[in-house]
Every structure is written in C-alpha cells, then in structure tokens.
Amino acid sequence: MPDMPNTPVTVNQNIRPLNTKINEKGNLEISGCDTVDLVEKYGTPLYVMDEVTLRTIAREYKEAFKDYKKVNMMYASKALMTAQIAKILHSEGFGFDVVSGGEIYTVNKAGVNMEMTTFNGNNKTTDELLLALELGVGRVSVDNFLELSLLNEVAKSFDKVQKVLLRITPGIECHTHEYIQTGHLDSKFGFDLVQIDEAIELILKEFTNLEITGLHAHIGSQIFETKVYYDEIGVLLREMKRINDKFDLNLNEINMGGGLGITYMESDCPPSVYTIADVIKKSIKDHCEMYDIDEPVLFIEPGRSIVGTAGVTLYTVGSSKQVPNGRKYVAVDGGMADNPRPSMYGAKYEAVIANGKKEEKMQKVTIAGRFCESGDILIKDIELNSPEAGDVLCVFNTGAYGYSMSSNYNRVLKPKMILVNNSQSDIIVKRETYEQLVQNDCLL
Ligand code: LLP
C-alpha cells in the first residue's frame, strides 16, 4: 500500500536531519551548528544527534496514534541507547524495549519509570532476570520454555508475580535483509505457534509467579511493506482470541515489535509513520470485528525509525589511493568499528563533503575505513566533491545501529557523541580514553 495522498512526510522518510543546510560559509550546518566548527571543537570521528529531529519523529508517532488511546510507545533501545537519549525519549512519553542488563541499567540510570519497560531477548541470563525484577521492569517477553521456569524461580525469590508476554513466531516473512528478518517460522526467536498452548498451560498450572497479559511478535527490521503489519496484527489477535477461549483467559495486550524502515538512499521509499499507523489501526479494527473482541492494549517498539535520521557521523578525510585504471579509495578516520553496518549487511549510505570548497568538482570515489580489514569499506562508489586530506565527510542516517553496534576493533577508541539543538552542542557520550581501554586488562 503506498502512502495515502496528502499523508505528511515523516522524519523517517528524510535522508538528512530536519534543519540541515549549507550555510553562508558553504559548510554543512545542522540545527544551527556548523559541522566544520563541530569538528574543530570535538574532533572526529564524531557522532552527532539532532534533538529536534529526534523529538519530531517521537511526536509524529504519538500524533499518528492519538486516536488509539490504548497505545504504548516503547522505543527499542538496541538502536541507540545512551542515558541522554533515554531521557529525551522518556520525556516524550516513550517507554523502552530493553534486551540486556546493560540496557536495563542505563534506562534506570536515566530515571525511566521502569514499569514502562519490556524485557525482550531469546537467552536472558539469570543475572539479567534478577536485575530486571529488582529494578521492576513492567513486562518480560518470555521467549522459550527454559526462560519460563527460570523467570518463575526469580519471581518467586522476590515474592512477586511478574507480568509476562509470550513472544511468538507469527510465520510472516518480510522482504528485508536475511539477518534482520525475525518473524518467519525458521527463526531463533519465540515460541512456535504450535508450542504456545503448552507454554500457557505451564504458566497457569506450574509457574504461578508469572501472570500472562498478552502476546508479542516482531517480524523484522528496515521494512517498507505495510501488509506484513496488517497480517502480523491479524495473527496476534487470532491467537489471543483462541487462547482466551480455550483457557478462559482475558489476555488483552499485543506487542507488535518494531521494524519501520528509513530512507538511507534516495531510492528507498519507506511508508510514513501515519501510513503505518493507519494500517495497524485498520487491522486492529478489522480483526476485532472479525473475532468479536475488544480492542487490545497495543505496544509498539520502533528503534531505527526513531533515531536513524537524527544521527550523522563526521569523519576527517586522510590518505587516498588511486588504483591504476581502477577505483579511487579515500580513507577516513573511522569505519567498521563505529559503523559495522556496511561490512555486515552491505548497508548503503549517502554522504557529502561538509566543508565548503571554492569550486565543485565531483569525483567518484570509494570511502574506506581505517581498520585492518579489506572489507572495511564505508561507501562504495559515491560522487563527492573532490575529497582531499583534511576535508570533513558527513555520513547521513547513522543514528541507528551505529554506536550501539560499535566496537574497539584494532583497539581504536569509540568516538564521542554530541547532541545539537538550536545552535548549541553538548557532549552526551565522552570519547573513550586509552586509560579506559586498558582498565579491565589484568597483567599477570
Ligand atoms: N523489537 C524487537 C523485539 C526487535 O528485535 C527489534 C530489532 C526492534 C523491536 C526494533 O526494530 P527497528 O524498529 O529498529 O527495526 N542491527 C540491525 C537491526 C537489527 C534489529 C534487531 N531487532 C541493523 O543494523 O540493520
């Protein structure tokens, strides 16, 4: 289904942060901050998050669902989690999908109301479950039989009854990269449809420290189709109706996961948040009528579409190599350790030279990272304005799954992250230091 006519463009459909322009010096400016000045002040590589873009998409999601009262927005922390990002999104009314002790710890540190969190994951450790219950996560989405008994023990040790959702595999395939499809039947996540009843029986008869409130599914990431969401909601509601009838229960919560795509390249065409919201609401309406059930409480877990577009990464151009009769490689001072997506998924990005130049002379080049790996290529064959040593390269759309998947490969320090807003910039993640890099090493 294409966007409805007159559907406003939403942030996830842009390639650049909202207030991005070329200023009078010819430099790229984001939210009133000249990127060349930012580089001078903070160094590179530098992750830059634009607060206005972040808050705008958060508000677009809320606006798009405002006529569905029973909705809970749960930002998927895995896309990008820092204390300040959590604080901003919480101030916009978002709860959090968390998948590790580290994410639980961070959102708690940021002052999040822990009732507004859901703990997901296919192999949660006992320590993580203990932390989750100690800090009071709202719901645990239980993924498998082992976890049911583990969580029941943990809940018992706290003398608590923990609310749980059952993560199910809805059997829906979406057309995205194979590594980020999750809802098809041959997936490591969740209970297969034929295993659900056994899980419920266990909860009702044996695991009495668990209270099941609903079902959870997630079908994949960077999704441009809308019908898959319609179908997913249909499966969740069908199963909920069937379970309620069979076990005389009153489940009324569905968590449909995340997955809405963003525009990395001009050729990408993700639906707007309003279109997705309309499809979801229509599916709920249609299926509730079909099954004669009340509208459920809906949880939605967007990650990439919330933070992706708000983020860019700035690099300094260094060495270059012209392969005789071949490509021109231009190296920057970052790469696969701060953004593993190109080497992992073949992900593509748009970029520009951010410092203004006297003349425009476009050149086709390949942007290489600085890491010791020939696969460390950030962008293959891109037209840029004659990149040369000292120039600033701005790669767009790096807010999601860049920093959150970054590493210290080659013992390179993780970059700083700054937040820009209205001509102001502040550090939200400091650059690592060499001292921090060795602090956990033990010399015998
Ligand atoms: N909920 C669940 C249960 C998930 O597993 C995920 C993502 C999300 C929500 C959020 O999905 P999003 O709205 O961000 O698409 N590293 C990959 C993406 C992996 C996504 C994993 N799960 C990438 O860089 O493309």
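The values are calculated or read from the model by the stated rules, or taken from the named source; none is laboratory data. Just so you know, these numbers come straight off a predicted model, no measurement behind them. Don't worry about glycine lacking a Cβ; one is built from the backbone with ideal geometry, like all the others, and counts go over all protein chains shown.
Would you check which residues across the stretch 57-82 are surrounded by fewer than 17 Cβ atoms within 10 Å (Cβ to Cβ) and out of contact with any Pro (no Cβ under 8 Å at 6 or more places or on another chain) and list them? Matches in the stretch 57-82: ARG59, LYS62, GLU63, LYS66, ASP67, TYR68, LYS69.
Of all residues in the stretch 209-226, those that are over 17 Å from ASN255 (Cα atoms), touching a residue at least 60 places away in the same chain (Cβ under 8 Å) and more than 16 Å from the chain's Cα centre (by Cα) total 1. Out of contact with any helix residue (DSSP H, G or I) (no Cβ under 8 Å at 6 or more places or on another chain), buried (at least 21 other Cβ atoms within 10 Å of the Cβ) and within 30 Å of THR35 (Cα to Cα), is that true of THR309? No: the conditions fail for THR309. Test of understanding: among GLU134, GLU103, GLU173, which residue is more than 24 Å from ALA58 (Cα to Cα), assigned to a helix (DSSP H, G or I) and either within 16 Å of the ligand (Cβ to nearest atom) or modelled with pLDDT of 95 or more (or both)? Residue meeting the stated conditions: GLU134.
Any residue in the stretch 221-233 that is in contact with a Gly (Cβ under 9 Å, 6 or more places away or on another chain), of a type in the set (A, V, I, L, M, F, W, C) and in a loop (DSSP other than H, G, I, E, B)? Checked the stretch 221-233: at least one residue is in contact with a Gly (Cβ under 9 Å, 6 or more places away or on another chain), of a type in the set (A, V, I, L, M, F, W, C) and in a loop (DSSP other than H, G, I, E, B). Of the residues making up the stretch 40-80, those that are assigned to a helix (DSSP H, G or I), in contact with a helix residue (DSSP H, G or I) (Cβ under 9 Å, 6 or more places away or on another chain) and more than 15 Å from VAL11 (Cα to Cα) are SER77, LYS78, ALA79.
Within the stretch 394-415, track down each residue that is outside any loop (DSSP other than H, G, I, E, B) and either within 17 Å of GLY356 (Cβ to Cβ) or away from the ligand (no atom under 16 Å from the Cβ) (or both). CYS394, TYR409, ASN410, ARG411 - these are the residues of the stretch 394-415 that are outside any loop (DSSP other than H, G, I, E, B) and either within 17 Å of GLY356 (Cβ to Cβ) or away from the ligand (no atom under 16 Å from the Cβ) (or both). Looking across the stretch 314-338 at every residue that is touching a helix residue (DSSP H, G or I) at 6+ places or on another chain (Cβ under 8 Å) and of a type outside the set (A, V, I, L, M, F, W, C), the one that is farthest from SER374 (Cα to Cα) is identified as THR316. Right, ASP97: more than 16 Å from the ligand (Cβ to nearest atom) and either of a type in the set (Asp, Glu) or within 13 Å of the chain's Cα centre (by Cα) (or both) or not? It is false that ASP97 is more than 16 Å from the ligand (Cβ to nearest atom) and either of a type in the set (Asp, Glu) or within 13 Å of the chain's Cα centre (by Cα) (or both). From the residues in the stretch 353-377 that are in contact (Cβ under 8 Å) with a residue 60 or more places away in the chain and within 30 Å of ASN408 (Cα to Cα), which one is surrounded by the fewest Cβ atoms within 10 Å (Cβ to Cβ)? The qualifying residue surrounded by the fewest Cβ atoms within 10 Å (Cβ to Cβ) is ASN355. Here ARG139, ARG167 are screened, and the one residue that is among the basic types (Lys, Arg), modelled with pLDDT of 95 or more and either in contact with a Gly (Cβ under 6 Å, 6 or more places away or on another chain) or more than 28 Å from TYR401 (Cβ to Cβ) (or both) is ARG167.
Quick grid of which residues meet (1) surrounded by fewer than 24 Cβ atoms within 10 Å (Cβ to Cβ); (2) not aromatic (Phe, Trp, Tyr):
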site	(1), (2)
PRO302	no, yes
TYR315	no, no
ASN325	yes, yes
ASP333	yes, yes
ASN339	no, yes
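None of ASP333, ASP391, ASP338, ASP381 is within 16 Å of the ligand (Cβ to nearest atom) and either modelled with pLDDT of 95 or more or among the hydrophobic types (A, V, I, L, M, F, W, C) (or both) except ASP338. Annotation: of all residues in the stretch 219-228 being closer than 18 Å to CYS269 by Cα and within 12 Å of the ligand (Cβ to nearest atom), the one that is surrounded by the fewest Cβ atoms within 10 Å (Cβ to Cβ) is PHE224.
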